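S.K.: Below is the structure I would like to discuss, written out as structure tokens.
The values are calculated or read from the model by the stated rules, or taken from the named source; none is laboratory data. Keep in mind that what you see is a predicted model, and the values were worked out from it rather than measured. In this analysis, Cβ positions are derived from the backbone assuming ideal geometry, glycine residues included, and neighbour counts consider all displayed protein chains. Note: accessible area is taken over every heavy atom of the protein model, side chains too, but ligands, DNA and RNA are not part of it. Shrake-Rupley method; radii C 1.70, N 1.55, O 1.52, S 1.80 Å.
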Amino acid sequence: HTTRPVHTTQQCSAPLPPLPEKGGEVRHGLIPEEFFKFLYPKTGVTGPYMLGTGLLLYLLSKEIYVINHETVAAACILSVILYGVKKYGPAVAAFADKLNEEKVAQALAVKNEAIKNLETAIEQEKKEQWRVEGRSYLFDAKRNNIAMMLETNYRERLMMVYNEVKKRLDYQVAMQNLKRQKEQDHMIQWVEKNVVQSITPQQQKESVAKCILDLKALSKSAQAVA
Amino acid sequence: MAGRRAAIKAIDWAAFAERVPPNQKAMFNALKTRSDALSARLAALPEKPPTIDWAYYKATVAKAGMVDEFQKKFSALKVPEPVDTQSTKIDAQEQDAAKSSAEYVQASKARIAQYEQQLQKLRSMIPFEQMTFEDLHEAFPETKLDKEKYPFWPHKPIADL
């Protein structure tokens, strides 16, 4: 055995071109189009048909192909098959295509969902990073709280001092006022008591008479006015 | 008085609230209420207490040296400022937070890089119509049938069909 050289060309890792969708063109379901194209320059359009007819007649007349009962059976079977394919072929093809379509669509859906999930995940991560950046707010708030508490405490202490001193001074003033008022009241009472005591019955009668005279005078002047 | 008027920064609570993740909202609300209570208390107190009218008291109070004594002692009195014990703790917390957040951000960036890589791979895939089964197994390794583990058809456990 001679050994043929293998793997002579360089390996290229380019991806293969996509496979064609449809097969080669065929005429009458059997003969490829390339045959007709091949004969066209020499014999024109009818060339291959003439060749075919001639070949058939030659086979029949020389009895290279013998007509017997199997010929009839073949003709019947072939005609039934052809009729079935021509009538139901497209429907079956569409059904098979639909099955394939579904598979592909499912795979595509999975891929799209994966893409969407990854994108949302990236969004979330970016958002979390943005949140983390705001941590300075927290510490500002805490320091503010501390400053406020200190300031409040200091002011409370000042107020306490002031209030205590004021309370004591006010107490002194209030005590003084109270004492003076009590003294005044007592003195007034004492004076009144003494005056009442000193009014003798004689003085009382004289003052009552004077009051009556005054009243009469007043009533006269009042009558005169009215 | 040095150190007394530590500046109270104005905090933008709205912006702060935006950055709080939903699972920490309760803590944030607690902090806010505490802050608001403190600032309300602070605003209720006057900055300086009102001055005592010494002349009036000197004229009114009978006891001779009492008012003078009070006045002397009052003006000599220094109210001690409250000592700040927590600021160092806050600074320490801030350092820790800075460190941990730097770590988190780094981990997050690594995750983002990973996601980007996968995204790139998915986006640059050939369309399914042009794929062979080998191409599919390359793109999604989980579709590859394990012929060593399950040598007989269908090459995967029956439950997975």
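S.K.: Any residue at all in segment A:197-206 that is within 14 Å of another protein chain (Cβ to nearest Cβ) and without any contact (Cβ under 8 Å) to a residue 60 or more places away in the chain? Spell out the reasoning first.
M.R.: Here is the first cut: in segment A:197-206, the ones within 14 Å of another protein chain (Cβ to nearest Cβ) are none.
Scanning segment A:197-206 turns up no residue that is within 14 Å of another protein chain (Cβ to nearest Cβ) and without any contact (Cβ under 8 Å) to a residue 60 or more places away in the chain.
The rows are residues; the columns are (1) charged (D, E, K, R); (2) in contact with a helix residue (DSSP H, G or I) (Cβ under 6 Å, 6 or more places away or on another chain); (3) under 30 Å from B:Ala113 (Cα atoms).
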{"residue": "A:Arg131", "(1), (2), (3)": "yes, yes, yes"}
{"residue": "A:Asp140", "(1), (2), (3)": "yes, no, no"}
{"residue": "A:Ala147", "(1), (2), (3)": "no, no, no"}
{"residue": "A:Glu164", "(1), (2), (3)": "yes, no, no"}
{"residue": "A:Ala174", "(1), (2), (3)": "no, no, no"}
{"residue": "A:Asn177", "(1), (2), (3)": "no, no, no"}
{"residue": "A:Arg180", "(1), (2), (3)": "yes, no, no"}
{"residue": "A:Val191", "(1), (2), (3)": "no, no, no"}
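S.K.: Another question about this same structure. Could you list, in sequence order, all residues of segment B:30-78 that are part of a loop (DSSP other than H, G, I, E, B) and open to solvent by 70 Å² or more (accessible area, probe 1.4 Å)? Quick ask: steps written out before the conclusion?
M.R.: Step one: of segment B:30-78, the residues part of a loop (DSSP other than H, G, I, E, B) are B:45-53, B:61-63, B:77-78.
Scanning segment B:30-78 gives B:Glu47, B:Lys48, B:Thr51, B:Asp53, B:Ala62, B:Lys63, B:Leu77, B:Lys78.
S.K.: Separate question: Report every pair of residues separated by at least 6 positions or lying on different chains whose Cβ atoms are under 7 Å apart, first residue within segment A:133-144 and farther than 12 Å from B:Ala17 by Cβ, second open to solvent by 60 Å² or more (accessible area, probe 1.4 Å).
M.R.: A:Asp140/B:Lys9; A:Asn144/B:Ile8; A:Asn144/B:Lys9
S.K.: When the residues of segment A:131-144 are filtered to those that are at the interface with another protein chain (Cβ under 7 Å from one of its Cβ atoms) and under 25 Å from the mean Cα position of the chain (by Cα), which remaining residue is nearest to B:Asn29 (Cα to Cα)?
M.R.: Just the residues of segment A:131-144 that are at the interface with another protein chain (Cβ under 7 Å from one of its Cβ atoms), to begin with: A:131-132, A:134-135, A:137, A:139-144.
Then keep just the ones that are under 25 Å from the mean Cα position of the chain (by Cα); that gives A:131-132, A:134-135, A:137.
Values: A:Arg131: 17, A:Val132: 18, A:Gly134: 16, A:Arg135: 16, A:Tyr137: 14 Å.
The selected residue is A:Tyr137.
S.K.: Within segment A:169-204, which residues are among the hydrophobic types (A, V, I, L, M, F, W, C) and exposed (fewer than 10 other Cβ atoms within 10 Å of the Cβ)?
M.R.: So in segment A:169-204, the residues among the hydrophobic types (A, V, I, L, M, F, W, C) come out as A:169, A:173-175, A:178, A:187-188, A:190-191, A:195-196, A:199.
Hits for segment A:169-204 are A:Val195, A:Val196.
S.K.: Could you check segment B:88-115 and list, in sequence order, the residues that are over 17 Å from A:Arg135 (Cα atoms) and within 7 Å of another protein chain (Cβ to nearest Cβ)?
M.R.: Going residue by residue through segment B:88-115, those that are over 17 Å from A:Arg135 (Cα atoms) are B:88, B:107, B:109-115.
Passing the criteria: B:Arg111, B:Ile112, B:Tyr115.
S.K.: I'm trying to understand the selection: among the residues of segment A:57-70, which are open to solvent by less than 100 Å² (accessible area, probe 1.4 Å), assigned to a helix (DSSP H, G or I) and aliphatic (A, V, I, L, M)?
M.R.: A:Leu59, A:Leu60
S.K.: Separate question: Open to solvent by 100 Å² or more (accessible area, probe 1.4 Å) and part of a helix (DSSP H, G or I) - does that describe any residue in segment A:19-34? Working first, answer last.
M.R.: Of segment A:19-34, the ones open to solvent by 100 Å² or more (accessible area, probe 1.4 Å) are A:19-22, A:25, A:28, A:30, A:34.
Next cut, part of a helix (DSSP H, G or I) only: A:34.
So far as segment A:19-34 goes, yes, one or more of its residues are open to solvent by 100 Å² or more (accessible area, probe 1.4 Å) and part of a helix (DSSP H, G or I).
S.K.: Conditions first: (1) in contact with a Lys or Arg (Cβ under 6 Å, 6 or more places away or on another chain); (2) more than 7 Å from every other protein chain (Cβ to nearest Cβ); (3) among the β-branched types (Val, Ile, Thr). A:Thr120 passes all but one, so which condition is the exception?
M.R.: Failed condition: (1).
S.K.: Separate question: Tell me the residue from A:Ala114, A:Ala147, A:Ala107, A:Ala209 that is part of a helix (DSSP H, G or I), of a type in the set (Gly, Ala, Ser) and more than 9 Å from chain B (Cβ to nearest Cβ), please. Even if it seems obvious, please write down each step before you answer.
M.R.: Numbers: A:Ala114 fails: more than 9 Å from chain B (Cβ to nearest Cβ); A:Ala147 fails: more than 9 Å from chain B (Cβ to nearest Cβ); A:Ala107 fails: more than 9 Å from chain B (Cβ to nearest Cβ).
A:Ala209 is the lone residue from the list that is part of a helix (DSSP H, G or I), of a type in the set (Gly, Ala, Ser) and more than 9 Å from chain B (Cβ to nearest Cβ).
S.K.: For A:Asn100, which of the numbered conditions (1) open to solvent by 60 Å² or more (accessible area, probe 1.4 Å); (2) polar (S, T, N, Q); (3) over 30 Å from B:Ile126 (Cα atoms) fails to hold?
M.R.: It fails just one condition, (3).
S.K.: Would you pick out the residues in segment B:115-136 that are open to solvent by 60 Å² or more (accessible area, probe 1.4 Å) and of a type in the set (A, V, I, L, M)?
M.R.: Correct list: B:Ile126 only.
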